[in-house]
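See below for the structure under consideration.
The values are calculated or read from the model by the stated rules, or taken from the named source; none is laboratory data. Because the structure is a prediction, the values reported are computed rather than measured. Cβ: placed from backbone, ideal geometry, glycine included. Neighbour counts: every protein chain shown. In case anyone asks, the SASA skips ligands and DNA or RNA and just uses the protein heavy atoms, side chains included. Shrake-Rupley method; radii C 1.70, N 1.55, O 1.52, S 1.80 Å.
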Amino acid sequence: MTIPAATVYRYLLARSWYRESKLPKTSTGPRVTPESLVDDLEKGRRLLVDGVLVYPQASPPVVGDDQDPDFLAAITGRDDAIDIDADQLQKVRNYVSRGGDLPRRKHGPQE
């Protein structure tokens, strides 16, 4: 799996974890997978599932999120964008950028 696809997949998993929701579905129906993201990126697609905008050369590669801009803001550095403990937010940021495990849930999502 390419690095951007792996990071995008972890981002989507983390967003689903935080919002207590399922992974989004692809345009063809099934839930997004690492493989479907690789395929989309290899085809040159940049606007992916749920309005997630990806620039593969950027760091992080997720640069936009139409469905959850507050979550993206939190992942990319705005500490007050979502209601989450600071230590948990740091663990989620690390997960998205480097992998490993998502932290144990300490919150309920805030709308």
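Just a few scattered comments:
- Probe 1.4 Å, protein heavy atoms only - accessible area per residue of the chain in square angstrom: 57
- Percentage relative contact order, segment 14-56, counting C-alpha pairs under 8 Å, at least six apart: 26
- For segment 1-109, the number of Lys pairs with C-alpha atoms closer than 22 Å, counting only pairs eight or more positions apart or on separate chains, is 4.
- Over the chain: helical MRE at 222 nm, DSSP H runs n ≥ 4 each giving -39500 (n - 2.57), nearest 500: -12500 deg cm²/dmol
- Residues whose placed amide H lies under 5 Å from that of GLY64, excluding near-sequence neighbours: LEU53
- At full extension, ASP83 and GLN57 could sit 6.4 nm farther apart than now, given 0.36 nm per residue minus the alpha carbon distance.
- Contour minus Cα-Cα distance for LEU47 and ARG19 (0.36 nm per residue): 8.0 nm
- Rounded to the nearest 20 debye, the dipole size of the chain about its Cα centre is 320 debye, using +1 on the Cβ of Lys and Arg and -1 on the Cβ of Asp and Glu.
- More than 20 angstrom apart: percent of Cα pairs within the chain: 34
- Inter-label distance for ASP70 and GLN90, nm, one decimal - labels placed 7 Å from Cα along Cα-to-Cβ: 2.4
- Residues whose placed amide H lies under 5 Å from that of ASP83, excluding near-sequence neighbours: GLN110
- Ordering of 49-58, 31-40 by packing is 31-40, 49-58, highest average first (other Cβ atoms within 10 Å, averaged per residue).
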